[in-house]
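S.K.: Quick one: structure below, then a few questions.
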Amino acid sequence: MTTRPVLANAGAMSQFIGAFEVTSKLSGRQFHCRFSHMWNGIATRHADTIDTKFFVDGEALVVGLAHTAFVKFRERRGRDLTDRESSYVAAEYLRERLEEDDERLLYDVSEPEVLRLIEQLGIR
């Protein structure tokens, strides 16, 4: 059996990703970001997502990752994404959006976008 390295879920969820900064390519504004936690959006928002919460300049926002991308990943790779890996995917999406000065309270990330980010981050 082949084993693959994964980003384990060790430590507190709020420490999965350290605080990070993003500078807008458009305005030069610097955003200060901190990951908080994640949960199943199916129950809370009636959305087929895994929701991740970040604080950007102290304001809470949610990045919802399409659950169907998690299913496709499992079918392709034979394992589930860890919560830590999912938080990295959400952080990368948030980074991309903020670099474009696209600041919202809620981002719903489509299946193709989640799969693109997984590939971009080299998660196998």
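S.K.: Based on the Cβ-Cβ distance of LEU26 and GLU119, what FRET efficiency does E = 1/(1 + (r/R0)^6) give at R0 = 25 Å, to the nearest 0.05?
M.R.: On the way: r = 26 Å, r/R0 = 1.03.
Taking R0 as 25 Å, the efficiency between LEU26 and GLU119 is 0.45.
S.K.: For MET13, MET38, which order do you get if you count the other beta carbons within 10 Å of each Cβ and list the fewest first?
M.R.: With the sparsest Cβ surroundings first, the list reads MET13, MET38.
S.K.: May I pose another question? Modelling each spin label as a point 7 Å along the Cα-to-Cβ direction, I'd like the LEU106/ASP57 distance in nm, to one decimal.
M.R.: Here the answer is 2.2 nm between the modelled labels.
S.K.: Here is a further query. How far is it, in nm, from the label point at ASP80 to the one at SER36 when both lie 7 Å from their Cα along the line to the Cβ?
M.R.: 2.4
S.K.: Can you compute the modelled spin-label distance between THR44 and GLN15, with each label point 7 Å from Cα toward Cβ, in nm?
M.R.: 2.2
S.K.: Place a +1 charge on the Cβ of each Lys and Arg in the chain and a -1 charge on the Cβ of each Asp and Glu, then give the dipole magnitude about the Cα centre in debye, rounded to the nearest 20.
M.R.: For this selection, approximately 520 debye.
S.K.: Can you pull the Kirkwood radius for the chain, inverse mean 1/r over Cα pairs, to one decimal in Å?
M.R.: Hydrodynamic radius (Kirkwood, Cα pairs) of the chain is 14.8 Å.
S.K.: Which one of LEU98, GLY58, TRP39 is farthest out on the positive end of the charge dipole of the range 14-121, using unit charges on Cβ (Lys, Arg +1; Asp, Glu -1) and the Cα centre as origin?
M.R.: TRP39
Bear in mind these aren't lab numbers, they're just calculated from the coordinates by the rules spelled out. If you're wondering where the values come from, they're calculated on a predicted model, not measured in any experiment. Using ideal geometry, Cβ is built from the backbone for each residue, glycine included, and neighbour counts are taken over all protein chains shown.
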